[in-house]
Amino acid sequence: MFLEALPFISEYFKSLALILKQESKEQALSKAQMSWLAVCMMGILFTNTISWQGFSRVSIGKYTKAGFSKMCLHGKIAWNRLLICSAKMILKK
C-alpha cells in the first residue's frame, strides 16, 4: 500500500518535468500531473501490472479507478513528448 511516491520516483518525474518545460512551456507537466504519474509508477511497482483497479486497491482507497482513468484519458499530457524526453533522460544516465 502506498500514499505517496518513493523519493527516487518523485525525483525522476521532477527531472522529466524540467526537461519537458525546457523543450516546450506548453507541454510542461503540472504538479498534479507529476504526482499522478508518480502514483501510477508506484502502482506498477507494487502490483506488477498496469491496472487502474489494482492501483486503487493498493492505494487503500485514496485513489479511485475513475480518477486514474480520467487523468489518463482527459489530462492534457503530451504523451509523445513524455516518452521521447523520458527515453533521452534514461539514455543520458
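So here's what we get for this one:
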item: Positions within segment 43-77 being in a loop (DSSP other than H, G, I, E, B) and on the phi < 0 side of the Ramachandran plot, in sequence order; result: T49, I50, S51, S59, K62, Y63, T64, G75, K76, I77
item: Failed item in (1) without any contact (Cβ under 8 Å) to a residue 12 or more places away in the chain; (2) of a type outside the set (V, I, T); (3) surrounded by fewer than 14 Cβ atoms within 10 Å (Cβ to Cβ), with G54 passing the rest; result: (3)
item: Matching residues, segment 3-13, being at pLDDT 85 or above and either touching a Gly at 6+ places or on another chain (Cβ under 6 Å) or surrounded by 14 or more Cβ atoms within 10 Å (Cβ to Cβ) (or both); result: I9, S10, Y12, F13
item: Test result for M42, closer than 15 Å to I9 by Cβ and of a type in the set (A, V, I, L, M, F, W, C); result: yes
item: Hits in segment 10-34 - residues which are hydrophobic (A, V, I, L, M, F, W, C), within 13 Å of the chain's Cα centre (by Cα) and closer than 15 Å to A87 by Cα; result: F13, L16, A17
item: All positions within segment 78-93 that are assigned to a helix (DSSP H, G or I), in contact (Cβ under 8 Å) with a residue 12 or more places away in the chain and either within 11 Å of the chain's Cα centre (by Cα) or surrounded by 14 or more Cβ atoms within 10 Å (Cβ to Cβ) (or both); result: R81, L82, C85, S86, M89
item: Of all residues in segment 17-42 being assigned to a loop (DSSP other than H, G, I, E, B) and free of Cβ contacts under 8 Å to residues at least 24 places away in the same chain, the one that is surrounded by the fewest Cβ atoms within 10 Å (Cβ to Cβ); result: S30
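Residue-wise test of (1) under 13 Å from L16 (Cβ atoms); (2) modelled with pLDDT of 85 or more; (3) not aliphatic (A, V, I, L, M).
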| position | (1), (2), (3) |
| --- | --- |
| N48 | no, yes, yes |
| G61 | no, no, yes |
| K65 | no, no, yes |
| K93 | yes, no, yes |
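The values are calculated or read from the model by the stated rules, or taken from the named source; none is laboratory data. It should be emphasised that the depicted structure is a prediction, and the values quoted were computed from it without experimental measurement. So basically every Cβ, Gly included, is an ideal-geometry build from the backbone, and we count neighbours across all protein chains shown.
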